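*Asks:* My questions will all concern the structure given below.
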Amino acid sequence: MKRLLLPLLMLVLFYSDSLFTAVLPDTAFNGKYVIVPRFFTVGLLFMSIFFDRNTAIKYGFLFGFLFDIFYTGILGAYMFFLPLIVYITSKLVKVLQNHLFILGFIILFGIFLLELIMFQLNVLIERTEMTVTQFASIRLGPTLLLNLIFYLLLALPLKNAFEKLRRIYND
Amino acid sequence: MPQFFTNKRLIILLGSIIVLVALIGFSLRDRDNLSWPEQFVKDIVGLGQAVVSKPANGFAGFFSEIEDLRSTYDENKELKARIKKTAQLESDVARLKKDNQELRNVLGKKKSLADYEPVQATVIARNPDRWYDVITIDQGEANDIQPNMAVITAEGLIGKVKNTSKFTSTVQLLSAHDSRNRVSAMIQGKSNIFGLIEGYDKEQKSLLMTKIPYDSSVKKGMLVTTSGKGGVFPKGLVIGKIKKMVPDEFGLTQTALIEPAASFNDLEHVMVTKRSMTTVLPQKKERKQVLVEEGNL
């Protein structure tokens with residue numbers, strides 16, 4: 001039964017993104033910024049570091065697929081790029097050291113990469129007219145800040161949760 | 001330096017890039033509605049989403065209600081003044097409605113472009129990555145909702161149904177950046193002026209209505225509604241008020257900046273309008289022809 005906790009945790013993180021978007025009024029900061037919660041991605045990166053990389057890639061694939069179908073309607077975008085981000089960051093973690101302070105930077109880098117890829121993709125398929133400077137000031141900065149705050153608040157609990165889950169799965 | 005990708009991984013990467021391009025191409029294709037696997041997945045995710053979003057909406061509503069309390073006194077004063085005027089207006093509307101009905105009966109013309117049947121729906125999700133201005137509502141094909149129906153709030157038009165599954169539908173807001181997002185609209189004046197709403201200016205927060213004749217006298221504050229002439233939306237849904245007129249790039253027609261009547265943010269309860277009169281959608285063949293003609297220009 002305890003094995004179900006892992007999918008459940010990821011499911012909670014998955015829905016927390018859209019809940020945050022629904023609860024945060026768009027008029028916050030006069031509607032000047034677009035703040036994107038990437039809580040699921042942060043959780044996924046934690047999973048790849050403290051649980052198991054390949055499982056994280058599978059979860060990224062599956063939940064990315066759900067995200068594409070339910071929210072964006074552009075199939076394949078998150079389904080493909082979430083696993084890629086997991087792969088790249090896990091390589092980075094191996095090169096750099098596994099310390100919570102440095103991990104924060106690595107995870108922020110992962111989110112930066114995901115935002116940048118999604119921006120380029122949307123420019124490519126002509127779904128946005130944003131310029132790079134607009135993107136950096138309106139979306140990227142506030143998004144990274146929000147997810148940094150999320151990381152600072154939940155880094156320790158998430159780390160403990162995934163380490164516990166790994167022990168459960170190893171038994 | 002260690003090898004970043006082994007051969008096997010490189011093949012997986014290249015293979016998935018091909019699949020990615022194919023999938024994106026598939027989803028950008030001009031299609032009527034979702035395929036059934038997509039609908040199935042959407043229904044399941046939507047079920048979970050509805051379960052989590054309802055208590056969360058209640059929670060968020062609690063805070064905004066507290067905020068509302070602070071301005072209650074002023075609002076009450078203003079509303080009281082307005083109610084006095086409304087009584088007269090209401091009786092006028094009832095009388096005119098009856099007149100209209102009787103005259104229609106005399107003419108033998110029962111249906112009107114303005115008739116629609118509203119379906120109440122609750123917003124269960126908003127796209128968290130916020131690249132596309134779409135929301136998901138908790139009504140779908142089971143309640144006869146079909147793509148391209150107009151979606152309104154009590155204030156006015158907010159968008160159209162983009163696609164549906166059995167129990168959920170996705171609504172594309174007017175603020176979305178999509179060249180196919182067009183609404184046939186009219187400016188109400190002594191004589192109605194027709195035009196197309198063709199886009200949204202994010203910086204000015206206003207809708208752009210193009211192809212207005214250069215000699216038409218449109219003033220600030222005039223009401224803009226749907227015209228029903230596009231063949232999809234019912235007539236008479238409020239879109240907004242004229243904010244400013246600017247000449248277009250060639251100086252032949254004017255473009256109006258319209259302040260939307262409904263807010264596209266913080267949506268919770270919306271209505272989907274089922275138009276009573278038959279809707280006209282261009283046939284696939286005709287659509288292709290239009291594309292060819294545009295290409296020749």
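The values are calculated or read from the model by the stated rules, or taken from the named source; none is laboratory data. Since we're looking at a predicted model, the values are computed, not measured. Don't worry about glycine lacking a Cβ; one is built from the backbone with ideal geometry, like all the others, and counts go over all protein chains shown.
*Asks:* Would you point out the residue of region A:1-53, among those that are part of a loop (DSSP other than H, G, I, E, B) and aliphatic (A, V, I, L, M), that is farthest from A:MET130 (Cα to Cα)?
*Replies:* The qualifying residue farthest from A:MET130 (Cα to Cα) is A:MET1.
*Asks:* For B:TRP131, work out the one condition from (1) closer than 24 Å to A:VAL36 by Cα; (2) modelled with pLDDT under 90; (3) not in a loop (DSSP other than H, G, I, E, B) it doesn't fulfil.
*Replies:* (3)
*Asks:* Hey, could you check region A:28-47 for residues that are under 24 Å from A:LEU103 (Cβ atoms) and of a type outside the set (A, V, I, L, M) and say which is farthest from the other protein chains (Cβ to nearest Cβ)?
*Replies:* Among those residues, the one meeting the criterion is A:PHE46.
*Asks:* Can you say whether B:SER16 is out of contact with any Asp or Glu (no Cβ under 9 Å at 6 or more places or on another chain), within 14 Å of another protein chain (Cβ to nearest Cβ), in a helix (DSSP H, G or I) and of a type in the set (Ser, Thr, Tyr), as far as the supplied structure shows?
*Replies:* yes
*Asks:* Restricting to region A:125-151, count the residues that are among the hydrophobic types (A, V, I, L, M, F, W, C), within 12 Å of another protein chain (Cβ to nearest Cβ), buried (at least 19 other Cβ atoms within 10 Å of the Cβ) and closer than 30 Å to B:ASN181 by Cα.
*Replies:* Summing the residues that are among the hydrophobic types (A, V, I, L, M, F, W, C), within 12 Å of another protein chain (Cβ to nearest Cβ), buried (at least 19 other Cβ atoms within 10 Å of the Cβ) and closer than 30 Å to B:ASN181 by Cα in region A:125-151 gives 1.
*Asks:* Something else now. Taking A:ARG127 and the conditions (1) at pLDDT below 90; (2) more than 17 Å from A:ALA155 (Cβ to Cβ); (3) in a helix (DSSP H, G or I), which numbered condition does it fall short on, given that it satisfies the others?
*Replies:* Going through (1) at pLDDT below 90; (2) more than 17 Å from A:ALA155 (Cβ to Cβ); (3) in a helix (DSSP H, G or I) one by one, A:ARG127 breaks only (3).
*Asks:* Regarding region A:20-27, can at least one residue be identified that is in contact (Cβ under 8 Å) with a residue 24 or more places away in the chain and either under 11 Å from the mean Cα position of the chain (by Cα) or facing chain B (nearest Cβ under 10 Å) (or both)?
*Replies:* Checking region A:20-27: not a single residue is in contact (Cβ under 8 Å) with a residue 24 or more places away in the chain and either under 11 Å from the mean Cα position of the chain (by Cα) or facing chain B (nearest Cβ under 10 Å) (or both).
*Asks:* Mind checking whether some residue in region A:49-69 is facing chain B (nearest Cβ under 9 Å), over 28 Å from A:PHE101 (Cα atoms) and touching a residue at least 24 places away in the same chain (Cβ under 8 Å)?
*Replies:* Yes; the residues of region A:49-69 include at least one that is facing chain B (nearest Cβ under 9 Å), over 28 Å from A:PHE101 (Cα atoms) and touching a residue at least 24 places away in the same chain (Cβ under 8 Å).
*Asks:* Right, another one. Being under 25 Å from B:ILE17 (Cα atoms) and outside any helix (DSSP H, G or I) is the filter here; which residues of region A:131-171 pass it?
*Replies:* none
*Asks:* Quick one: which of B:ALA94, B:ALA56 is under 30 Å from A:PHE14 (Cα atoms), in the same structural domain as B:LEU157 (by TED's automatic domain parsing), assigned to a helix (DSSP H, G or I) and not hydroxyl-bearing (Ser, Thr, Tyr)?
*Replies:* Testing whether each residue is under 30 Å from A:PHE14 (Cα atoms), in the same structural domain as B:LEU157 (by TED's automatic domain parsing), assigned to a helix (DSSP H, G or I) and not hydroxyl-bearing (Ser, Thr, Tyr) leaves just B:ALA56.
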